[in-house]
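So the structure is just underneath, and the comments pick up after that.
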Amino acid sequence: MEHEKLLNLLLKAGYVKEGDIKKVLSERKDDEDIFQTLLRLGILSEKDIMNFFQTILPQKVWKEEIDELHVPSHILNSIPQDFMRKFKVVPVLYDKGKLHVIMLNPLNQNLINELRFYTKAHSIVPYVAPLSTIEKILDKQFPQLGDVLSQIEDTEVELEEEESDTPIEQLLHATEEAPIVKLANGLIFEAVRMGASDIHIEPQEKKVLVRYRVDGVLRIYHQLPINIKDSLVARYKIMSNLDIAEKRKPQDGRIRIKIERKKIDLRVSTVPTVYGEKVVMRIQEAEKYLNVKLEDLGFEPDDLEKFRSAIWKPWGMILVTGPTGSGKTTTLYSALMERNHPDVNIMTAEDPVEVAIPGINQVQVNERIGLTFSSVLRAFLRQDPDIILVGEIRDHETGDIAIRASLTGHLVFSTLHTNDAPTTVTRLTDMGIEPFLVGSSLILVVAQRLIRKLCPECKVPHDIPKEALVRMGVIKSPDEDITVYRASEKGCANCNNTGYKGRTAVHEIMEIDDELRKLIIKGGTADDIRELAMQKGMRTLYQSGMIKVRKGITSIEEVNRVLMQ
């Protein structure tokens, strides 16, 4: 309905005067809803608006109490928070393809069309609700950055300063900008409090997006004005001792802070994009690594036995593979912690050193000064090590030295970026390492992924035919009586309305026995190796995921999202 028609209705009903209409039309901001203008100018109150709609459209008045939103997380997350706050609209119920929303003006067709565009819902059912109700729900569901920053004042957020080459004038100038310092700290504090693993600061054409990865899923949490882009990026560069004048090249650094007496490490990466520099920070809490045991990693009992047996071998190579963020570092550090005793000399070459572990000799690789994985490894062999961790095998030279170290009486741990355990072998031979060296040195390969765990408080039974469960490998026969669960559509307060809470790992563990060793030395393909390993009892990642489904830990949808059959 056009603004003039709506104002004329209000005039006839006696809510506004002729002079008010002229004032509203002249002072209305671009794309501001007419009722927002009336409220801002003090012409109407919340009560007036509700009475008006109660008179002309009583069926459009929302009458129920709103304790929580009954909306699936993917629909709720699809609507930008700033959009909801700006236009005073919030979805409250999703039922059979219909999205019920409360707003100031249920006749604002442009707003309804935009909601349909964001959510892809079949239809939008609008209702009117008081402004105070809408804002209360928004504040509860999406805490504003201001709220977070006010908490920061009472929270210990302490930068652990390191020596810096940045001119002191630049440091002083940047730290004088109190709001930017507060904002930079506030975003880190908020992400840590939510249990996020990564913070993304992404410049767009007209705004800066702030996204957090929580339980493996990225979601927009803030949209900041574009004019703070350069100063916010510069603040993070200063905190991580990067060159704030260099904006054309990627840079990597590290921030060490304390939040509520907890030590937090952030790995910082900047990359120039067409709209400015994007900053990504990987959050790591040192204490978490130091307290994790192998039993906490999600291993099935038989897989845990295989892994534990391998890490107590006197020599050989153990590889952990998977994409970035699949928990490889946690698995390796847990293994090192189990072997970390005064009678064992453990040396690590990492890029970067994720967490400082007492009792372990850790070396930070620095390619710029020639301190490469291969040069550090050569030095290690003269340091009388028992166990060596190589952060990543990236090239032939590093792989060759690591394998030769494992063949000369050392236990070597390392990582590779491959999709599964069998392809790890062919990746090494593709690097130019001789198959007989690979076959002779490898004792175990672990491929792993992280999957979200169902929220224990709101997960619901999933009604799936037994034949489908047999086909997917969840059960062996239709006679088995088990309950499979899925995420609740609306979620709950415990899981932030996502239906999932926390993550666990699924593993594919390939033990190298004599038969597999002969096949590798012979130059067998990844398919040959996979076939033989499965005959010998290796479970694929997908099969391990289905065990977690059977146990009620995760859902079939989550396994299918992360893994391929």
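The values are calculated or read from the model by the stated rules, or taken from the named source; none is laboratory data. Since the model is a prediction, treat every value here as computed from it, not as a measurement. Counting neighbours? That spans all protein chains shown, and the Cβs are built from the backbone with ideal geometry, glycine included. The accessibility values were calculated without ligands, DNA or RNA, using every heavy atom of the protein model including side chains. Shrake-Rupley method; radii C 1.70, N 1.55, O 1.52, S 1.80 Å.
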**Asked** Does anything in segment 321-336 have its amide N under 18 Å from the 7 Å Cα→Cβ label point of residue 417, and if so which residues?
**Response** 321-330
**Request:** Give the residues of segment 320-360 whose amide nitrogen is closer than 13 Å to a point set 7 Å from the Cα of residue 293 in the direction of its Cβ.
**Result:** 338
**Request:** Restricting things to alpha carbons, tell me how big segment 429-565 is in terms of Rg and Dmax, in Å.
**Result:** 18.7, 56
**Asked** According to a simple spin-label model (label point 7 Å from Cα along Cα-to-Cβ), what is the distance in nm between residue 135 and residue 366?
**Response** 5.3
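Distances longer than 27 Å among the Cα atoms of segment 290-438: what percent of all pairs is that? Mind dumping the intermediate values first?
On the way: 1772 of 11026 pairs.
The proportion of pairs with Cα distances above 27 Å equals 16 percent.
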**Request:** Apply 1/(1 + (r/R0)^6) to the Cβ-Cβ distance of residue 117 and residue 230, taking R0 = 41 Å, and write down the FRET efficiency to the nearest 0.05.
**Result:** 0.85
**Prompt:** In terms of Cα to Cα distance under 16 Å, which lysines are near enough to residue 476, apart from those fewer than 8 places away along the same chain?
**Reply:** 466, 548, 551
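Quick check on segment 456-510: take the gyration tensor over C-alpha atoms, sort the square-rooted eigenvalues as a ≥ b ≥ c, and tell me if it's rounded (a/c under 1.5), prolate or oblate. It would help to have the intermediate numbers written out before the result.
Values: a/c = 3.27, a/b = 1.44, b/c = 2.26.
Note, shape of segment 456-510 comes out oblate.
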**Asked** What FRET efficiency do you get for residue 109 and residue 494 if R0 is 41 Å and r is their Cβ-Cβ distance, rounded to the nearest 0.05?
**Response** 0.65
**Request:** Identify, among 209, 253, 389, the residue whose Cα sits farthest towards the positive end of the charge dipole of the chain, taking +1 on the Cβ of Lys and Arg and -1 on the Cβ of Asp and Glu, with the dipole about the Cα centre.
**Result:** 209
**Prompt:** How much mean residue ellipticity at 222 nm does the chain get from its helices, if each DSSP H run of length 4 or more adds -39500 (n - 2.57) and you divide by all residues, to the nearest 500 deg cm²/dmol?
**Reply:** -11500 deg cm²/dmol
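Using the Kirkwood formula over every pair of different C-alpha atoms, what hydrodynamic radius in Å results for segment 197-327? Before the final figure, lay out the partial values.
On the way: mean 1/r = 0.0574 Å⁻¹.
One decimal place: 17.4 Å for the Kirkwood radius.
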**Prompt:** At a Förster distance of 60 Å, what's the computed FRET efficiency of residue 252 paired with residue 18, Cβ-Cβ distance as r, to 0.05?
**Reply:** 0.40
**Item:** Whether segment 251-374 is rounded, prolate or oblate, judged on the alpha carbon gyration tensor where a/c under 1.5 counts as rounded
**Value:** prolate
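Calculate how many DSSP beta bridges within segment 334-390 are antiparallel, expressed in % of all such bridges and rounded to the nearest 5. Intermediate results must be reported in sequence, preceding the final value.
Values: 1 of 9 bridges.
Once the DSSP bridges in segment 334-390 are tallied, antiparallel ones form about 10 percent.
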**Item:** Spin-label model distance (nm) - residue 468 vs residue 308, 7 Å beyond Cα toward Cβ
**Value:** 3.8
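Considering only DSSP beta bridges where both residues belong to the chain, give the percentage that are antiparallel (nearest 5).
Restricted to the chain, the bridges split so that about 65 percent are antiparallel.
Taking Cα pairs under 8 Å and at least six residues apart, what relative contact order does segment 348-423 come out at, in percent?
Details: 91 pairs, mean separation 21.1, N = 76.
Reported as a whole number, the value is 28 percent.
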**Prompt:** Rounded to a whole number, what % of the accessible area of the chain do carbon and sulfur atoms account for, probe 1.4 Å?
**Reply:** 49
**Prompt:** For labels at residue 219 and residue 269 in the simple 7 Å Cα→Cβ model, what's the distance in nm?
**Reply:** 2.4
**Cα coordinate range in segment 85-127, projected on the principal axes (Å, largest first)** = 26, 18, 17
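I need the peptides 269-275, 427-433 ranked by packing, meaning the mean over residues of other C-beta atoms within 10 angstrom, with the highest value on top.
Numbers: 269-275: 14.0, 427-433: 17.9.
Averaged packing, sorted descending, gives the order 427-433, 269-275.
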**Asked** Going down the table (98/278; 140/237; 5/29; 306/490; 140/206), which pairs top 29 Å between alpha carbons?
**Response** 98/278; 140/237; 306/490
**Item:** Among 528-541, 61-74, the order from most to least packed when residues are scored by Cβ within 10 Å on average
**Value:** 528-541, 61-74
**Request:** Please get the size of the charge dipole for segment 419-467, origin at its Cα centre, with Cβ charges of +1 on Lys and Arg and -1 on Asp and Glu, quoted in debye to the nearest 20.
**Result:** 240
**Prompt:** Rounded to the nearest 10 Å², what accessible area does residue 337 show when all protein chains are kept and the probe is 1.4 Å?
**Reply:** 50
**Request:** Along each of the three principal axes of the Cα atoms of the chain, give the extent in whole Å, ordering the values from largest to smallest.
**Result:** 93, 73, 38
**Item:** Cβ-placed point charges (K, R +1; D, E -1), dipole of segment 253-389 about Cα centre in debye, nearest 20
**Value:** 540
